[in-house]
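Asker: The structure's right below; bear with me while I get my questions together.
Since every read-out is calculated from the coordinates, none of them should be taken as a lab result. None of these values were measured; they are calculated from a predicted model. Reconstructed Cβ throughout: ideal geometry from the backbone, glycine too, with neighbour counts over all protein chains shown.
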Amino acid sequence: MNNTHEIVQRLLGWYDMHARDLPWRRSPDGYPVWVSEIMLQQTRMQTVLDYYRRWMEVFPTLEVLAQADLQQVLQVWEGLGYYTRARNLHRAAQMVMEQHGGVIPTERKALEQLPGIGRYTAAMIASVAYNKDEAALDGNIRRVYARLFNLEEPLGTTAAEKTLWAIAEDLLPTGRAGDYNQALMDFGSVVCTPQLPACDTCPLNDLCVAYRLGVVAERPLRQPKKDLPRRKVAAAIIEREDGRILLTQRPAQGLYGGLWEFPGGKQEPGETLPDTLQREIVEELGARIAVGTQFGVYEHTLTHFHMTLHAFLCHLVDGDQPQALEAQAMVWALPGEMDAYPMAKVDRQIATELMARLQQSTPSDSA
């Protein structure tokens, strides 16, 4: 592979001058690196910075995290999405305390045995925190290599992965793997960006095959995206006479495990949305409801489907009392108390709007 030594030296030289000042880089401990890598999966850097600072204020050490209640963990994580990451991080911290005496493993293979840690995350923790010679590949790094070496296989294919890992391992500089992996990350974020890369001022442009061929905008190649299925969902805002509203907690396993929500579910063929709600509430809570006016409509795209959620104001039919048949738990909460219950994005939007409407309907004190 030609020019590999020159690529490595230029990237490390660029990093020495332009490395971003990130909070987890100020500590040699593996815990901050681990937390940052889990947060950065599928999340933009600017979003992560605030969440990282708040997380480290609440859970400053692995031991504190391991001893924390999962509901507190989910509450601090709320808004980052992909809540399995938070549950895995919490469980992995407990495993390190139980199985490793509170000491984070330093070897990639041992790290990969912990929940939520794959090959890339393990390599970043091992190389950055413990100076292990481990190659890493993520979206940024794949894009940089695909352009430098004009990768002609679409990302995600077996052929592309084989080629990219071979490049990553071939270029890895002994003794500076951590710096090199971080250099690639920063370089992909600042210079070799997805759109409008700074090719004219790039320190690697004379070594970049895609730049020489004029195909930078076409690299990396990607497989065609499949159309996401669409789901229509109904949610019930069930209010009692005392102003409290019913929240249910999702089962610990599965989508949004352990989070709180307004009960409801997916519309089935032939149902109206009120029909859906009445069926779902009987199945989930063993109670009947009267469905009132629509409160709002919310769009949300998840990894595997797009959801349109319709929320309705509802009340229980006289005499019916809900029970947590399918939910993990249930609670009657005032809108002002709902911040204490971790929720997914759409349910939090509903809770926020309920509080806003309550404040609008409450007369302000006059002087």
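Asker: How much net charge surrounds residue 122 when only the other residues with a Cβ under 10 Å from the Cβ of residue 122 are counted, with Lys and Arg +1 and Asp and Glu -1?
Answerer: 0
Asker: On to the next question. In nm, to one decimal, how far is the residue 69 label point from the residue 166 one, both placed 7 Å along Cα→Cβ?
Answerer: About 5.4 nm separates the two model spin labels.
Asker: Before rounding to the nearest 500, sum -39500 (n - 2.57) across all DSSP H runs of length at least 4 in the chain and divide by the residue total; then give [θ] at 222 nm in deg cm²/dmol.
Answerer: Taking each H run of at least 4 residues, the total per residue is -12500 deg cm²/dmol.
Asker: Give 109/225; 132/225; 162/226; 232/345; 109/226 a once-over and call out the pairs whose C-alpha atoms are over 28 Å from each other.
Answerer: 109/225; 132/225; 109/226
Asker: Along the charge dipole of the chain, Cβ charges K/R +1 and D/E -1, which of 59, 315, 9 sits furthest on the positive end?
Answerer: 9
Asker: List the residues of segment 331-357 whose backbone N lies under 17 Å from a point placed 7 Å from the Cα of residue 57 along the Cα-to-Cβ direction.
Answerer: 340
Asker: Roughly how many Å is it from the Cα centre of segment 148-226 to that of segment 62-104, as a whole number?
Answerer: 33 Å
Asker: If you don't mind, there's one more thing I want to ask. Regarding segment 204-301, what is the average projected area of its C-alpha convex hull, in nm²?
Answerer: Its average projected convex-hull area is 11.7 nm².
Asker: Here's another thing I want to ask about it. What order do you get for 40-46, 79-85 when each peptide is scored by the mean count of other beta carbon atoms within 10 Å, highest first?
Answerer: Output ranking for 40-46, 79-85: 79-85, 40-46.
Asker: For residue 49 paired with residue 5, estimate the spin-label separation in nm (one decimal), with each label point 7 Å from Cα along the Cα-to-Cβ line.
Answerer: Distance between the two pseudo-spin positions: 3.8 nm.
Asker: Related question: What value in Å³ per residue do you get for the convex hull of the alpha-carbon atoms in the chain?
Answerer: It is 190 Å³ per residue.
Asker: Now for a separate question. Hey, got the dipole for the chain? About the Cα centre, +1 on K and R Cβ, -1 on D and E Cβ, debye to the nearest 20?
Answerer: In debye, rounded to 20, the chain gives about 860.
Asker: Oh, and also: Taking every pair of Cα atoms in segment 4-218, average 1/r, invert it to obtain the Kirkwood radius, and report Rg/Rh to two decimals.
Answerer: Here the Rg-to-Rh quotient is 0.99.
Asker: In angstroms, what radius of gyration and Dmax does segment 46-130 have, counting Cα atoms only?
Answerer: Cα-based Rg and Dmax for segment 46-130 come out at 12.7, 34 Å.
Asker: Now a separate question. Just to be sure I understand the model, the point goes 7 Å from the Cα along the line to the Cβ. What's the resulting residue 320 to residue 275 distance in nm?
Answerer: With each label point 7 Å from Cα toward Cβ, the separation is 1.7 nm.
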